[in-house]
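Encoded as structure tokens, the structure appears first; notes follow it.
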Amino acid sequence: MKAAVTALLLLCSFVACGDDAAQTTSQSSATAASDSSSSNAAPARITSTAAVMLFTEIPAQTSGLTLVNVSGNKTKLAIPENIGQGAAAFDYDSDGDLDLYFANGNVLPGNTPHSTLGSRLYRNEGGFRFRDVTSEAGCVTNAWVHGAWAVDFDADGDRDLYLTVFGGANIWFENLGNSKFADATLRWGGADTGPSTAAAFFDADGDNDLDLYVGNYVDYDTAKPPNNGQPCIWRGLAVSCGPLGTTAAPDHFYENRDGHLVEATAAFGFTAPASYALGTLAADLDGDADTDLIVVNDSMANFLFQNEGGGKFTECALECGTDRNEDGRAQSGMGVDAGDVDNDGRFDFFITNFSHDTNTMRRGSRTADGRLFFTDTTFSMKLGTPSYSKLSWGTRMLDLDRDGDEDIVVVSGHVYPQVDGADVSTTYAQENQVFENLGPIGPRGTTQFAERQSPPGDAFLKRACSRGLVAADFDDDGDHDLLVTEMDSLPTLIRNDTRADGAWIGFSLRGPGGNREAIGTLVTLTDSSGIVRVRQRSWGGGFLSTSDPRLHFGLGAAKGACNARVTWPDGASTEVRDLQPGRYHAVAASNAR
């Protein structure tokens, strides 16, 4: 990889994991030593403020979010039934607040759905109250949808919907700008037949519009299921067969040519073998002002496609340390997110995995010869043991308590209902987790995390079978609220009621040309105490879901005005000064539409 440091990462993967499955800135010019646990750029020391994390579930009778998830039969004996669904937070009607779109599944032939079919759009009415507007908005579909991706594809100022589908072609809903949608699948292209899970929108060739990479999972034939339709055996239990008994569905890349997506996978160098893709992350990982791509695979090594410029990519996961864990094993990752957890100006990423394995933290660094490299720091950061019995999916790296460093949210739930009542050290429904960032600890200053212990009545005491995770400031009060999709149940809406003294500041970005989403944009913030932090507008995170597009910084004890440098995906930059905390600031590129 090329110059400076900046990164963000992805991964997302799924079910029946690896060997244990049932199978048929500050722009630092410092370079790290070969031991990537060291760096010439010392992590910023944060002056923390007192905070007590509190999270309150808003019940469905209050919120109006009454859609019960459908994802196949409740016994989950077919692998498509286990993946689940995501959701998208976006302002569909341009009224200034975030609405919600829920992907919903279906059932395999010969089965009867246990609840109402169809994905749903809910309008934000304020006060954590939502109203179903699917029919009046014109975005009705009964397709088996996995992922919900909100993106301003046509760069007209409102966000459209791209849906990744099992059992059919992916779907486009164009936002017409009048609180209405229209099917634009034939006109815009990208109607991949997958079966598709992840989707990444980013400017792959530097022409200031959004191209599309589609991550596909298994080529599942309902008429010829794996193992002749019989269950597989996992730890003595008869369960669904994992992906290694099925044919991997190849991923596809689509180039945006004058508003139409044209298949160009080989031409751009996305020529890795067919794999079981569940997640993608698009971000400028190497700081050279173009956007790279991570693809996370289930039960197979992951891919890292480095952008070489001119619409050419090279796969380098092995050389960059992103393909396997520190034991050399390909894991079964479900979700991924990235952030700068140690405030050293380099981005790190966190992957969720199958049960009887650990989630994985990878710390970004540079090798002695200047190459970008990621090191597995799961156990040194105290993130390994608390995840071993969990089967985790959506994850986000967020400053939940506004103390200036990023915490981690993880949502979990097994794929095998059959584990309940068996002695296999895990359960089907599971509690979700928050890992608080404790900052640098010990003589080497290693960043460490501690699992938060939920007080009585807290939303994180709930046990469910979770999948997608959306982080969004639904009430614009400067902290992250959460939305979790649950298998065969109502979603969980969580208000962040953390009592925090720390200040905050946020950014709403409008990128260059047709990349109004500003994917790949880096914001370098200097607070009133001189501490420098970086955030990047990436694409990915949360598992099959789209979160609040705004960038958020907790400021800890710093209360005064901030300065920021916004580096756009085309390499241009914008300096903004004397920004007051406690609000979201709109910043646009000089050539923004």
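The values are calculated or read from the model by the stated rules, or taken from the named source; none is laboratory data. This is a predicted model, so every value here is computed, not measured. Positions of Cβ are generated from backbone atoms using ideal geometry, with glycine treated the same way; all protein chains shown enter the neighbour counts. Note: areas computed on protein heavy atoms with side chains; ligands, DNA, RNA excluded. Shrake-Rupley method; radii C 1.70, N 1.55, O 1.52, S 1.80 Å.
Points to keep in mind about this one:
- Alpha carbon centroid spacing (whole Å) that separates segment 66-140 from segment 516-568: 29 Å
- Contour excess over end-to-end distance, with Cα ends at Val262 and Glu125 and 0.36 nm allotted per residue: 45.5 nm
- Solvent accessible area, Å² - Asp251, 1.4 Å probe, full protein context: 20 Å²
- Cross-link partners of Lys74 among aspartates and glutamates (Cα-Cα below 19 Å; sequence separation of 8 or more within a chain): Asp420, Glu486, Asp488
- Working from label points 7 Å from Cα in the Cα-to-Cβ sense, the Ser508 to Asp327 distance is 4.7 nm.
- Accessible area expressed per residue, segment 480-592, with surrounding protein chains retained (probe 1.4 Å, Å²): 30 Å²
- Relative packing of 258-270, 121-133, which averages over residues the other C-beta atoms within 10 Å, highest first: 121-133, 258-270
- Close amide H contacts of Ala184 (hydrogens built in the peptide plane, cut-off under 5 Å, sequence separation of 5 or more or a different chain): Trp172, Phe173, Glu174.
- Values of log10 I(q)/I(0), in the order q = 0.20, 0.26 Å⁻¹, for segment 304-378 under a Debye, Cα-only, solvent-free model: -0.93, -1.30
- For the chain, the Rg and Dmax computed from alpha carbons only, in angstrom: 21.8, 66
- Placed amide H near Leu438: partners under 5 Å, 5+ positions off or other chain: Gln448, Phe449, Ala450
- Projected onto its three principal axes, the C-alpha set of segment 76-147 covers 42, 21, 17 Å, listed from the longest axis down.
- Volume of the Cα convex hull of segment 439-537, divided per residue and given in Å³: 193 Å³
- Segment 364-384 versus segment 482-507: alpha-carbon centroid distance in Å: 29 Å
- In this label model, Arg444 and Ala368 are separated by 1.8 nm, measuring between points 7 Å along each Cα→Cβ vector.
- Ellipticity estimate at 222 nm from DSSP helix runs (n ≥ 4, -39,500 (n - 2.57)) divided over the chain, nearest 500: -500 deg cm²/dmol
- Remark: the Asn563-Asn591 segment gains 7.9 nm on full extension, using 0.36 nm per residue and subtracting the alpha carbon distance.
- Take the Cβ atoms of Glu308 and Ser94, set R0 to 25 Å, and the FRET efficiency comes out at 0.10.
- When the chain is described by a simple charge dipole with +1 on each Lys and Arg Cβ and -1 on each Asp and Glu Cβ, the residue from Val68, Asn515, Ile505 located farthest towards its positive end is Val68.
- Heavy-atom accessible area per residue - segment 173-223, 1.4 Å, Å²: 33 Å²
- Centroid-to-centroid separation of segment 190-251 and segment 404-471 [C-alpha atoms, Å]: 26 Å
- Burial order of peptide ranges 453-466, 161-174, 373-386, 75-88 (average beta-carbon count within 10 Å, highest first): 75-88, 161-174, 373-386, 453-466
- Length released on extending from Thr112 to Asp183, taking residue separation times 0.36 nm less the Cα-Cα span: 22.8 nm
- Computed over every Cα-Cα pair of segment 77-195 and binned at 10 Å starting from 0, the pair-distance distribution P(r) comes out as 14, 46, 31, 9, 1 percent.
- Ile233-Tyr388 FRET efficiency (beta carbon distance; Förster radius 25 Å; 0.05 resolution): 0.70
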